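The values are calculated or read from the model by the stated rules, or taken from the named source; none is laboratory data. Computed from a prediction, not measured in an experiment: that's the story for all the values here. So basically every Cβ, Gly included, is an ideal-geometry build from the backbone, and we count neighbours across all protein chains shown.
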Amino acid sequence: MKTFVKNFIGKGKQVKGLQIVKVTVNFDKLEKFAYEFNGERYLSFEVAKMKDVDNFGREFTVYVSTREEVKDKTEKKEKKAPKTGKKQKETIDETEGLPF
């Protein structure tokens, strides 16, 4: 199944007193998402407000969305865990998809 994947390329913060967000991007990551149109190079990216401010005061994240093939979550797993009669809590890796 194809879905959009976020490729994080930088972060930013709002300029005090202005409606401007200053972002810093990693050029090495940025360059691999550039594309050519009519002989000129372009890059499309998204800037989104983060839920929480990070340790450096950055409030925004910058990423490039790409459409990629991912494993379908609804497929049956080959091996099932043995039933213990107790409901097991599902663990979620919160760092998945983060650039650090």
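For the reader, a short list of remarks on this structure follows.
- The number of residues in segment 54-73 being within 17 Å of Val15 (Cα to Cα) and of a type in the set (D, E, K, R) comes to 3.
- Across segment 21-41, the qualifying residues are those that are closer than 16 Å to Val5 by Cα and of a type in the set (Lys, Arg), and the one among them that is surrounded by the fewest Cβ atoms within 10 Å (Cβ to Cβ) is Lys32.
- Counted residues, segment 2-26 - those being of a type in the set (Gly, Ala, Ser) and more than 30 Å from Lys71 (Cα to Cα): 2
- Unique match (being closer than 18 Å to Phe4 by Cβ, loosely packed, with under 11 Cβ neighbours inside 10 Å, at pLDDT 85 or above and not hydrophobic (A, V, I, L, M, F, W, C)) among Ser65, Ser44: Ser44
- Taking every residue in segment 12-33 that is at negative phi and among the basic types (Lys, Arg) and pairing it with any residue that is assigned to a strand (DSSP E or B) and surrounded by fewer than 15 Cβ atoms within 10 Å (Cβ to Cβ), at least 6 positions away or on another chain, the pairs with Cβ-Cβ distances below 9 Å are Lys13/Lys22.
- Only listed residue being assigned to a loop (DSSP other than H, G, I, E, B), loosely packed, with under 10 Cβ neighbours inside 10 Å and modelled with pLDDT under 85, chosen from Lys51, Lys79: Lys79
- For Gly57, the conditions (1) small (Gly, Ala, Ser); (2) in a loop (DSSP other than H, G, I, E, B); (3) surrounded by 10 or more Cβ atoms within 10 Å (Cβ to Cβ) all hold with the exception of (3).
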